[in-house]
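Have a look at the structure below, then the notes.
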Amino acid sequence: MKKIEFSKEEKAEIVSRIRAYFDRELDPIGALPAEFLLDFFVEEIGPYVYNRGLRDAQAALLKRMEDMAEDIHLLEREEKILAP
């Protein structure tokens, strides 16, 4: 599996949100510890979240395919049997 990576801007935003969470809910945390925490979560928990997203996308796609199959079935017309 390809490594999960973020752009500089994305990483800065995520680190900012981690720090805000710690400020609100726990004890303040510096930027570097927040980056380490992000790296830990991405490496250890990221695959679970990523795979869940894939499974959800697959389920949504299968549902749409089933709906399309039903729609196609509704478009079918009665076939007349020709006498030999």
Among GluC sites (Glu not before Pro) in region 2-58, those in a DSSP loop whose Cβ has at most 11 other Cβ atoms within 10 Å are Glu5
Degrees separating the helix 31-44 axis from the principal Cα axis of the chain, which is the longest one
30 degrees
Please determine, in degrees from 0 to 90 and to the nearest 10, the orientation of helix 46-75 with respect to the longest principal axis defined by the Cα atoms of the chain, where the helix direction is its Cα long axis.
20 degrees
5 angstrom amide H check on Ile29, placed H, neighbours 5+ away
Asp23
Taking the Cα atoms only, what angle lies between the long axis of helix 8-25 and the longest principal axis of the chain, rounded to 10 degrees?
70 degrees
To the nearest 20 Debye, how big is the dipole of the chain about its Cα centre, given +1 on the beta carbon of each Lys and Arg and -1 on that of each Asp and Glu?
140 debye
Which option, [x] 59, 31, 21; [y] 61, 21, 15; [z] 85, 28, 21, is the value of Cα extents along the principal axes in Å that was calculated from these coordinates?
[z]
Footprinting exposure proxy for Arg64, Arg77 (fewest neighbouring C-beta atoms within 10 Å first)
Arg77, Arg64
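May I ask for the equivalent-ellipsoid semi-axes of region 1-44, computed as the square root of five times each C-alpha gyration tensor eigenvalue and listed largest first in whole Å?
20, 11, 8
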Give the lysines reachable from Lys11 as a straight Cα distance under 26 Å; neighbours fewer than 8 places away on the same chain don't count.
Lys2, Lys3
Options Pro28, Phe41, Ser7, ranked by Cα towards positive dipole end of region 1-44, top entry (Cβ charges)
Ser7
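FYI, it's all coordinate maths here, none of it is from the lab. Since we're looking at a predicted model, the values are computed, not measured. With ideal geometry, Cβ positions are generated from the backbone for all residues, glycine too; neighbour counts draw on all protein chains shown.
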